[in-house]
Structures are given as structure tokens and as C-alpha cells.
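The structure appears below as C-alpha cells.
The values are calculated or read from the model by the stated rules, or taken from the named source; none is laboratory data. This one's a predicted model, so the numbers in the text were calculated from it and none came from an experiment. Positions of Cβ are backbone-derived with ideal geometry, glycine not excepted, and every protein chain shown enters the neighbour counts.
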Amino acid sequence: MEIIWHGNSCFTIKDKGVTIVTDPYTNLGTKLPDLKADILTLSDELIDTKDNVAPVAGDPKVISWPGEYDVKEVGIEGYNAFHFAKSEEDTKKANCKVVIYNFFINGYKVCHLSGLGHRLTSELTESIGNVDVLLVPVGGNLVIDYKKAVEVIEQIEPKIVIPMYYKIPGSKLELSGVEEFMKAVGKPGAEALDSLDIKKKEQLPIDKTDYIVLKPMLA
């Protein structure tokens with residue numbers, strides 16, 4: 001399985017001949033490369049407006065709502081969450097929704113937390129379950145900050161964490177960088193990779209969490 005990050009909450013996830021693209025954006029300062037997918041997920045009510053979704057080639061199956069799906073032997077689960085909420089109680093008052101997606105692809109489970117803005121409720125934590133790779137926002141303001149991201153990671157206890165939704169050169173979004181998050185998890189100065197490439201399940205860590213920073217692959 002290969003995971004490539006394109007800034008914000010946009011990823012390409014590839015395995016077993018199937019390609020997933022999440023939240024392809026435009027008009028946010030940075031420019032995406034040409035993307036092609038079999039499955040396209042839209043998870044962020046704030047970002048994924050009609051004028052802010054970049055085109056994706058390949059005539060992908062588009063998923064933009066919570067629910068359970070099965071596309072090209074990839075299982076997908078979607079759960080409602082919210083931007084901006086300061087606590088679990090505030091989720092009832094939050095008015096900007098996101099969709100958390102679990103992807104089940106070739107024996108791996110990848111959880112994309114979208115623009116999550118609050119700690120997970122007990123119901124969400126149970127629904128998400130055990131995770132191999134967690135894609136977690138860390139930039140604050142629009143989403144959880146690095147401190148809250150650490151709390152959410154502790155709720156899920158994934159095997160690998162990839163931070164997303166943080167400030168990169170050229171972005172118009174008001175986000176903090178990834179440095180404070182990496183310091184908080186004890187990995188300051190970690191080298192950014194072009195992609196995460198996992199050849200087999202045995203490569204996943206056991207009884208610990210690894211933290212991987214990806215370079216934004218842009219046009």
C-alpha cells in the first residue's frame with residue numbers, strides 16, 4: 001500500500017490496483033498535480049464546496065456521505081464529525097460537518113479524520129476501532145491543534161500516524177506548522193518522506209505508534 005499526501009486533507013491511497021483520492025481541493029493557494037482515481041471521497045463541508053473541488057480523472061465513484069460502501073473490493077465506512085467544536089458537548093452545536101472515513105484495502109485499515117475539530121466521542125472511538133494508519137489533522141484553528149491531536153491519537157492507538165491539515169508554503173489556510181506536533185510526540189526534526197510505502201503487514205509496528213511526515217506532492 002502506498003500513501004501520498006497532497007496538502008490539507010488530500011491523499012492518494014493505492015493498493016491492489018485500486019486508487020483512492022480524498023478531498024481534492026483548489027483555490028486554496030497550493031495546486032494539486034493531475035489526479036486519477038477509482039474512488040473519490042469528499043469529507044469536509046468547509047473545503048469541499050462546489051468551487052473548491054479539483055477535477056479527478058478516471059470517472060471515480062464519488063462518496064460524500066456517512067454510511068457503509070463496497071467499491072472495487074475496498075470497504076468504506078463513513079461517520080459524521082465536526083469542525084470547530086471545543087468539546088464533545090459542543091458537537092451538538094457545531095454547524096460545519098466533516099466525515100471520518102475508514103478504508104479497508106487489501107487487509108489494511110486506514111482512517112482519515114478529515115477536518116476534525118474535537119476529541120472523539122466514545123461512540124466515534126468505538127466505531128473507528130483498531131487502525132493501521134491514521135491520517136490526523138494537527139494545524140489548529142479550522143481543525144484540532146497538535147495538543148488535541150495527541151489526545152485523539154491516544155483514543156485510537158493506531159500503528160502509524162501521518163499528520164495532515166497543517167501549514168505548507170503557499171497555502172491560504174490559517175494553520176500552524178507540523179513542528180510542534182512532532183515535538184509533542186518525541187520526533188522533532190523527522191525527515192519528511194515522498195510517500196509511505198508498506199509492502200506487507202509485517203512491516204507495521206507492534207505495541208507502539210510510528211509517526212511519518214510526508215512531503216506535500218504538488219503540481
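A few comments on the model shown:
- Of all residues in region 77-126, those satisfying the criterion of being under 23 Å from Tyr166 (Cα atoms), modelled with pLDDT of 70 or more and of a type in the set (Phe, Trp, Tyr) are Tyr79, Phe82, Tyr101, Phe103.
- Subset tally (residues that are within 16 Å of Lys14 (Cβ to Cβ) and either without any contact (Cβ under 8 Å) to a residue 40 or more places away in the chain or part of a loop (DSSP other than H, G, I, E, B) (or both)) for region 33-64: 13
- Residue match in region 172-185 (condition: of a type in the set (S, T, N, Q), in a loop (DSSP other than H, G, I, E, B) and under 23 Å from Ile100 (Cβ atoms)): yes
- Consider region 166-208 and keep the residues that are of a type in the set (Ser, Thr, Tyr) and modelled with pLDDT of 95 or more. The one that is surrounded by the fewest Cβ atoms within 10 Å (Cβ to Cβ) is Ser195.
- Residues within region 13-26 that are of a type in the set (S, T, N, Q) and touching a residue at least 60 places away in the same chain (Cβ under 8 Å), tallied: 1
- Meets criteria (at pLDDT below 95, surrounded by fewer than 16 Cβ atoms within 10 Å (Cβ to Cβ) and either among the basic types (Lys, Arg) or under 17 Å from the mean Cα position of the chain (by Cα) (or both)) for Lys36: no
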